[in-house]
1. Quick one: count up the residues across segment 277-287 that are open to solvent by less than 80 Å² (accessible area, probe 1.4 Å) and either within 12 Å of the ligand (Cβ to nearest atom) or among the hydroxyl-bearing types (Ser, Thr, Tyr) (or both).
2. For residues in segment 326-345 being open to solvent by 10 Å² or more (accessible area, probe 1.4 Å) and over 13 Å from the mean Cα position of the chain (by Cα), which is nearest to the ligand (Cβ to nearest atom)?
3. Tell me which residues, restricted to segment 288-311, are without any contact (Cβ under 8 Å) to a residue 60 or more places away in the chain, touching a strand residue (DSSP E or B) at 6+ places or on another chain (Cβ under 6 Å) and more than 15 Å from the ligand (Cβ to nearest atom).
4. Mind listing whichever residues of segment 6-19 are surrounded by fewer than 18 Cβ atoms within 10 Å (Cβ to Cβ) and in a helix (DSSP H, G or I)?
5. Evaluate the following for Thr192: is it among the hydroxyl-bearing types (Ser, Thr, Tyr) and in contact with a helix residue (DSSP H, G or I) (Cβ under 9 Å, 6 or more places away or on another chain)?
6. Which of the residues spanning segment 59-93 are more than 16 Å from the chain's Cα centre (by Cα) and in a strand (DSSP E or B)?
7. Please count how many residues of segment 194-244 are more than 10 Å from the ligand (Cβ to nearest atom) and either under 19 Å from Val322 (Cα atoms) or out of contact with any Phe, Trp or Tyr (no Cβ under 8 Å at 6 or more places or on another chain) (or both).
8. Sort out for me the helices (runs of 4 or more DSSP H) sitting completely within segment 312-421 that have 2 or more residues that are touching a helix residue (DSSP H, G or I) at 6+ places or on another chain (Cβ under 7 Å) and touching a residue at least 60 places away in the same chain (Cβ under 8 Å).
Amino acid sequence: MKNKAYDVNDLRLASDGKKRIEWAANYMPVLRLIRERFAKDKPLKGLRIAACLHVTTETANLCQTLKAGGAEVALCASNPLSTQDDVAASLVKHDRISVFAIRGENRKIYYDHVFAAIDRKPHITMDDGCDVVSTIHSKRKDLLKGVMGGTEETTTGVIRLRAMEKDKVLGYPIIAVNDSNTKHLFDNRYGTGQSTLDGILRATNVLIAGSTVVIAGYGWCGRGVAVRAKGHGANVIVTEVNPLVALEAVMDGFQVMPMAEAAPLGDVFVTLTGNTSVIRSEHFRRMKDGAIVCNSGHFNVELDLVSLKKMSKSVREVRPFVEEFRLKNGKRVHILGDGRLINLAAAEGHPAMVMDMSFANQAYSAEYLAKNHRKLQNKVYCVPENIDANISALKLKSKGIRIDKLTREQTKYLASWQEGT
Ligand SMILES: NC(=O)c1ccc[n+]([C@@H]2O[C@H](COP(=O)([O-])OP(=O)(O)OC[C@H]3O[C@@H](n4cnc5c(N)ncnc54)[C@H](O)[C@@H]3O)[C@@H](O)[C@H]2O)c1
């Protein structure tokens, strides 16, 4: 990979990618406004950014925005199965952005691509799952001194970065984009909610109505998928480990039980926990013949596929993105998208309308790091509150929705403690 300007599947796909990137842009009005301002103010002038994100049409719009702000961008994939090859080609051909990503790349090439992006000696890193930060901290420590800060897109990445901060090994400040309200309340809930079902449907064409859908993890992502599955007419079962969250699922009207009890009942299983081995051999063994199992959490370790393989007598692909594991007990388990984020493997990831806000947070956070990095310590920071408020106001405005303003009397009332009944 050394000295390669880019590594994508096929540059001839570029014109298809360009059309799809433009289509996504129609639904990203907040990012468009930021891009217009960036083009004038150039807040990222002279900065090199290494971004490790899903290579999708929405990410392409973010890269264009960063470039408009004056940055030099190198992009690699944050998942081997989520890259849209036409988008990668278009970014190289039409935007002169160095992309290192090929859909279906093996583990070695995946990491060669991460190294290729960080070889550009970034001032700012952008991660979705912490792969760039952990690669720099473990294998390219020489780069640490040149990095002014980084951003992190997803829950799993933020958890790892907070663990690094706690162990005092984090070498530069990070903005936790995931923790911004205009990110996780919308992207994780509505984006994952809709696109996870989209991925399952595209892969299987199964009827959700009347099916029993088991959702592991009732966090922001799990809530989104559970509500949408219910809306399609599914009987939804939730599994959880946190009593408070489990209680919330009960009050929201879902059945809650351990995975061991849900295993024989489910027709479709989706893990969204950010944890490991949530569905294991003892669960696979008890499932109905033909059960459909997928993951929409960050890493595919949520499903113990190593054990599943060991307990199977044969494995074959029965449809694109669907592998049938025939167990020694004769039953079949269908695994979707190799256990990778199903919304990105079998569908197109989150709709642009929601990524507009997530990536507005990314663009603003990069600008914030460029301006304020000297004041920051090697910690994980939240996105500043004014950025969050600004993004929600812009999003409402772009949808033509106006809201009430506090009257002077109301402002005074809310600030006072003397007034009672
Ligand atoms: N598919 C996507 O596009 C997408 C988008 C955003 C986030 N994510 C990823 O999805 C995962 C979940 O994100 P989130 O924001 O919902 O996190 P969250 O922290 O809000 O929720 C995770 C929930 O899983 C529960 N959990 C943990 N271990 C469990 C287990 N063994 N069994 C059952 N429940 C368990 C936790 O108690 C928690 O309530 C993360 O890996 C995140 O990075 C994916």
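1. 5
2. Of segment 326-345, the ones open to solvent by 10 Å² or more (accessible area, probe 1.4 Å) are 326, 328-332, 334, 338, 340-341, 344.
Checking the rest, the ones that are also over 13 Å from the mean Cα position of the chain (by Cα) come to 326, 328-332, 334, 338.
On the way: Arg326: 26, Lys328: 26, Asn329: 24, Gly330: 28, Lys331: 23, Arg332: 24, His334: 19, Asp338: 14 Å.
Ranking the qualifying residues of segment 326-345, first place goes to Asp338.
3. First, the residues of segment 288-311 that are without any contact (Cβ under 8 Å) to a residue 60 or more places away in the chain: 288-291, 293, 295, 300-301, 303-311.
Applying the additional criterion that residues be touching a strand residue (DSSP E or B) at 6+ places or on another chain (Cβ under 6 Å) yields 289-291, 293, 295, 303, 308, 311.
Residues satisfying the conditions are Asp289, Gly290, Ala291, Leu308, Met311.
4. Leu11, Arg12, Ser15, Asp16, Lys19
5. On the way: among the hydroxyl-bearing types (Ser, Thr, Tyr): yes; in contact with a helix residue (DSSP H, G or I) (Cβ under 9 Å, 6 or more places away or on another chain): yes.
When the stated conditions are applied, Thr192 passes them.
6. Glu72, Val73, Ala74 - these are the residues of segment 59-93 that are more than 16 Å from the chain's Cα centre (by Cα) and in a strand (DSSP E or B).
7. Initial filter on segment 194-244 (more than 10 Å from the ligand (Cβ to nearest atom)): 194, 197-198, 200-214, 226-237.
Now restrict to residues that are either under 19 Å from Val322 (Cα atoms) or out of contact with any Phe, Trp or Tyr (no Cβ under 8 Å at 6 or more places or on another chain) (or both): 194, 197-198, 200-214, 227-229, 231-235.
Result for segment 194-244: 26.
8. Details: elements: 342-345, 352-372, 385-398, 408-415.
Here the list reads 342-345, 352-372, 385-398.
The values are calculated or read from the model by the stated rules, or taken from the named source; none is laboratory data. Computed from a predicted model, the values in this text were never measured in an experiment. Because the Cβ atoms are built from the backbone with ideal geometry, glycine has one as well, and the counts that use them run over all protein chains shown. Side chains are part of the model used for accessible areas, which takes the heavy atoms of the whole protein and leaves out ligands, DNA and RNA. Shrake-Rupley method; radii C 1.70, N 1.55, O 1.52, S 1.80 Å.
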